[in-house]
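The values are calculated or read from the model by the stated rules, or taken from the named source; none is laboratory data. Keep in mind that what you see is a predicted model, and the values were worked out from it rather than measured. Cβ: placed from backbone, ideal geometry, glycine included. Neighbour counts: every protein chain shown.
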Amino acid sequence: MNVQSKPSKFITGATGDWEVVIGMEVHAQVSSKSKLFSGASTAFGGAPNSHVSLVDAAMPGMLPVINAECVNQAVRTGLGLNARINLRSVFDRKNYFYPDLPQGYQISQYKQPVVGEGVVVVDLPDGEAVSIGIERLHLEQDAGKSVHDKHPQMSAVDLNRSGVALMEIVSKPDLRSSEEAKAFLAKLRSIMRYLGTCDGNMEEGSLRADVNVSVRKPGEPLGTRCEIKNVNSLRFIGQAIEHEARRQIDIIEDGGVIVQETRLFDPTKGETRSMRSKEEAHDYRYFPDPDLLPLELTAEAVEALKAKLPELPDEKKARFVRDFGLSSYDAGQLVAERETADYYETVVKGRDAKLAANWVINELFGRLNKEGKTIATSPMSAQQLGGLIALISDKTISGKIAKDLFEILWTEGGEPRALVESRGMAQVTDLGAIGSIVDDLIAQNPDKVAQAKANPKAMMWFVGQVMKSSGGKASPQAVNDLLKSKLGV
Amino acid sequence: MTELTSLTLADARDRLRSKDISAVELASAHVDAVAKARALNAFVLETPEQALTMAKASDARIAKGEAGPLEGIPLAIKDLFATEGVRTTACSKILGDFVPAYESTVSSQLWRDGAVLLGKTNNDEFAMGSSNETSHFGAVQSPWRREGSNTPLVPGGSSGGSAAAVAAQLCLGATATDTGGSIRQPAAFTGTVGIKPTYGRCSRWGIVAFASSLDQAGPITKTVRDAAIMLRSMAGPDAKDTTCADIAVPDYEASVGKSVKGLRIGIPKEYRLDGMPFEIEKIWTQGCDWLKAAGAELVDVSLPHTKYALPAYYIVAPAEASSNLARYDGVRYGLRVPGRDITDMYEKTRAEGFGAEVRRRVMIGTYVLSAGYYDAYYLRAQKVRTLIKRDFEQCFAQGVHAMLTPATPSASFGIGEKGGADPVEMYLNDVFTVTVNMAGLPGIAVPAGTDAQGLPLGLQLIGRPFDEETLFALGSAIEREAGHFVAKPWW
């Protein structure tokens, strides 16, 4: 709460600097085969109302029964957030009427959530790492979906999502910029995908965020916050925060006050608008659900889950830095997705780690991004890229030729070493062949020779010429050595 | 054929097994009796064809020597239990003609054991009432009348239809539910036996919920033995109800007639109310004497928080009800009254679909759970509940095996006589029974005598958690002395 941000994160208003304070409530759909309190399927995209049990439709006399797998997933997530696991938690009813809420209440955890305080370390693009506090994580039911465009006067309801398990993860108001907020959500997503507890698919709504935004003059107490509902992409989160902070600053600087309210982000206009004020807020009449016993976990069961956790991004990153000598930033990029980290680990096996990291991050990621592909749909396998790097390391090909080879592998496929041989791409290290080129150049360009002798950097002209005449296949190292000896520099 | 309807469940079972009578004969006799007793309004739906089909199947199983524990026994089912393919309304207009696609766990276990469905019985709307007068299908008339009077009396509630059907010999037993006394009070009013088992003994799955932490199913029957037989089939673990106990069900019938010698029976002094009718005092004393004569030891005990039970109950039960009844919103099933928009539709549907008592309790429940009132009402009531439970635990810890109290503070009363001006007058009916629900304990009401006008009066025995067996032993000891009470047909 008293985290002071760097002045570089301040927003400048007419009256000086402002600090934006952000807290997030993230709704993550639990990866599970069946719903939180019923046996109905959680599969996405079924025909409307095809994944609905009697419990989900709130038929008279139906009772919820907790799905143990969903609880385990919440505990795993809690452990991944370095959070306290509450061995006793309670399910409450949050009462309100809505057509896509069949029971007339959502079963949620209000006062006693399954997971308590934790912390997530978030890496920022400038290399800074910030620790963001986790307030809590609780389990709750998702609602169904109201469809308003099927009939001129009526709305239709699809209950397929009704009762699907969600984890609500609440951060402390520790975020200080839209960049931090985006990085925080990306990190949460990464952790949950590593754990297999949420697929993190924002397009399908598996991951949604409500963002609480307030502004203050640096060093002053927290300002009044507004909650922006259901922002469903990283880009929109950034836009929504930027817009909301600016809106609040403008109001205050114009002598107004911020009214606590819930706002909606409009992605087409890039702005937020009022949804309901605090006075209009529902009275949810929370009380413990009498149909469910308190959720009791044993310390042994939690330990057993902990023992089986996979290596998480932070640990993997530390290992990459330690074992592969990578920079923190490069390692962070490689571990963001488990698939990418696995890819890299295959590429790097027995090869130069930094070279491998550069190729994965710069060439592979760049190409994937450009073509809208992911590591899973990459046309180039880790084995192929690894083979290419081996050819660079053993000086069979130069870095420049390697880029040509990358292109061939990407578009045509094949085995790197075989390709280099069949297409004559191996670099020329034969000193005799290079030597005659060098001798010719020295004889024809006495002025350049003089320059190079006066300033060794001018030798680069010769290097370029040799490479050009050899079709790029001359070994740069061999060319350098030869030039140095022949020019006597 | 009338003699078949005067059989007890146990006798009928034995005669069916010895093929002395057939299930079809037995079902027909009861189907006829039900049809002739429509003046009672005990049934809201009769299922004669289903009864005969089921009875035929029972006869076939009996012939093959595959009879279940309740084979061929005609039963009535309270309209709160979902019955697959058979209209289930909780006697509320809001459920309209709702026909469930599922069978409640309790009733499915009765069918598993061979019982035959006669129909669905009347009850107070959503089980909210103590006289069966709040039913959307109208009041039930008790088979009992005061001597020399034609004044229609209430059978008690909320399981009024079930109690009246058993007392009028329209069925050999009926299912019922008890949230604050809804099995025991009507049993006491109609001279029948009703047991509310320990909370968690019977599954609540498929029973229309009133107050989830208090609701419990149980039987209403002619005798203690019949109740023991029926409860054994109704009870048992159910993975579909988290609050249902994973405890094996004993052979309750074996406890009937068992010696009560040496049992310590607590007599709670707080149940002696000011202004309690002399006749209630009298049967209570009588009950004490009977148990003492049977070898039980009587001890005075104190349950100091008893006086807070009723007020606390009328916070907890409406609170849970207000939430449980939110699903009746006109969106998916039951009544829908069109409105300008969704909120208007909700308001019109619920205003028209719920009766006055249900609306009152939904409003009370909504109020006590509201922000700013929760701590003062709901949370406090839950604390009181803990204290009530502790009162009982302390007595049981001192070696008390069960308690004996009156079941009700009065005999049955006339239809329209109570609660018209002040609902609390009606609520006071449950003063002896709500404590048992609040503490989650088993309680049985057994007929013990009549008042000066010839109306039945009952005694209540309260047991330790999951010790229904002791209640059957003690109940049968009282029954042996008190005898049976049969209403003279006027219908």
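If you go through the stretch A:56-89 and pick out every residue that is within 27 Å of B:Val368 (Cα to Cα), in contact with a strand residue (DSSP E or B) (Cβ under 7 Å, 6 or more places away or on another chain), buried (at least 19 other Cβ atoms within 10 Å of the Cβ) and more than 7 Å from every other protein chain (Cβ to nearest Cβ), you end up with 2.
If you go through the stretch B:85-126 and pick out every residue that is within 12 Å of another protein chain (Cβ to nearest Cβ), under 17 Å from B:Ser203 (Cα atoms) and touching a Ser or Thr at 6+ places or on another chain (Cβ under 8 Å), you end up with 5.
Just one of the listed residues (B:Lys292, B:Lys282, B:Lys240) is in contact with a strand residue (DSSP E or B) (Cβ under 9 Å, 6 or more places away or on another chain), in contact (Cβ under 8 Å) with a residue 24 or more places away in the chain and among the basic types (Lys, Arg), namely B:Lys282.
Would you confirm, using the coordinates I've provided, whether B:Val106 is under 12 Å from B:Leu40 (Cβ atoms) and in contact (Cβ under 8 Å) with a residue 60 or more places away in the chain?
For B:Val106, the condition - under 12 Å from B:Leu40 (Cβ atoms) and in contact (Cβ under 8 Å) with a residue 60 or more places away in the chain - is not met.
Taking B:Arg360 as the residue in question, decide whether it is surrounded by fewer than 19 Cβ atoms within 10 Å (Cβ to Cβ), over 27 Å from B:Tyr313 (Cβ atoms) and more than 9 Å from chain A (Cβ to nearest Cβ). In short, no.
For B:Leu273, the criteria (1) in a loop (DSSP other than H, G, I, E, B); (2) more than 14 Å from chain A (Cβ to nearest Cβ); (3) out of contact with any helix residue (DSSP H, G or I) (no Cβ under 9 Å at 6 or more places or on another chain); (4) more than 19 Å from B:Ile195 (Cα to Cα) hold in every case but one, which is (3).
Residue-level check: of (1) surrounded by fewer than 18 Cβ atoms within 10 Å (Cβ to Cβ); (2) more than 25 Å from B:Ala487 (Cβ to Cβ), B:Ala39 misses just (2).
Residue by residue, here is whether (1) closer than 14 Å to B:Ala309 by Cα; (2) out of contact with any Gly (no Cβ under 7 Å at 6 or more places or on another chain) holds:
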position	(1), (2)
B:Tyr374	no, yes
B:Gln382	yes, yes
B:Thr386	yes, yes
B:Cys395	no, no
B:Gly399	no, yes
B:Ala407	no, no
B:Ser410	no, yes
B:Gly416	no, yes
B:Gly419	no, yes
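Just name the residue that is nearest to the other protein chains (Cβ to nearest Cβ) out of those in the stretch B:292-336 that are of a type in the set (Val, Ile, Thr) and under 24 Å from A:Arg285 (Cβ atoms). Among those that are of a type in the set (Val, Ile, Thr) and under 24 Å from A:Arg285 (Cβ atoms), it is B:Val331. The set of residues in the stretch B:199-224 being more than 14 Å from chain A (Cβ to nearest Cβ) and crowded, with 24+ Cβ neighbours inside 10 Å consists of B:Arg201, B:Gly218, B:Pro219, B:Ile220, B:Thr221, B:Lys222, B:Val224. Looking only at residues of the stretch B:111-149 that are in a loop (DSSP other than H, G, I, E, B) and free of Cβ contacts under 8 Å to residues at least 60 places away in the same chain, we find that the one that is nearest to B:Cys91 (Cα to Cα) is B:Asn123.
Would you check if there is a residue in the stretch B:423-430 being touching an Asp or Glu at 6+ places or on another chain (Cβ under 6 Å) and modelled with pLDDT under 90? For the stretch B:423-430, residues touching an Asp or Glu at 6+ places or on another chain (Cβ under 6 Å) and modelled with pLDDT under 90: absent.
Hey, among A:Glu296, A:Glu339, which residue is outside the structural domain of A:Gly366 (by TED's automatic domain parsing), surrounded by fewer than 19 Cβ atoms within 10 Å (Cβ to Cβ) and either of a type in the set (D, E, K, R) or over 16 Å from A:Thr77 (Cβ atoms) (or both)?
None of the other options fit; the residue is A:Glu296.
Exactly one residue out of A:Lys317, A:Lys306 is charged (D, E, K, R), over 30 Å from A:Tyr105 (Cβ atoms) and crowded, with 19+ Cβ neighbours inside 10 Å, and it is A:Lys317. When you check A:Asp404 against the structure, is it touching a residue at least 12 places away in the same chain (Cβ under 8 Å), assigned to a helix (DSSP H, G or I), acidic (Asp, Glu) and over 30 Å from A:Gly350 (Cβ atoms), yes or no? When the stated conditions are applied, A:Asp404 does not pass them.
For the stretch B:425-442, state whether one or more residues are in contact with a Gly (Cβ under 7 Å, 6 or more places away or on another chain), of a type outside the set (Ser, Thr, Tyr) and surrounded by fewer than 19 Cβ atoms within 10 Å (Cβ to Cβ). There is at least one residue in the stretch B:425-442 that is in contact with a Gly (Cβ under 7 Å, 6 or more places away or on another chain), of a type outside the set (Ser, Thr, Tyr) and surrounded by fewer than 19 Cβ atoms within 10 Å (Cβ to Cβ). Assess whether A:Phe10 counts as being surrounded by fewer than 17 Cβ atoms within 10 Å (Cβ to Cβ), of a type in the set (Phe, Trp, Tyr) and more than 14 Å from every other protein chain (Cβ to nearest Cβ). Taking the combined requirement at face value, the residue does not satisfy it. Here B:Tyr308 passes the criteria (1) under 17 Å from B:Ile267 (Cβ atoms); (2) within 24 Å of the chain's Cα centre (by Cα) except the one numbered (1).
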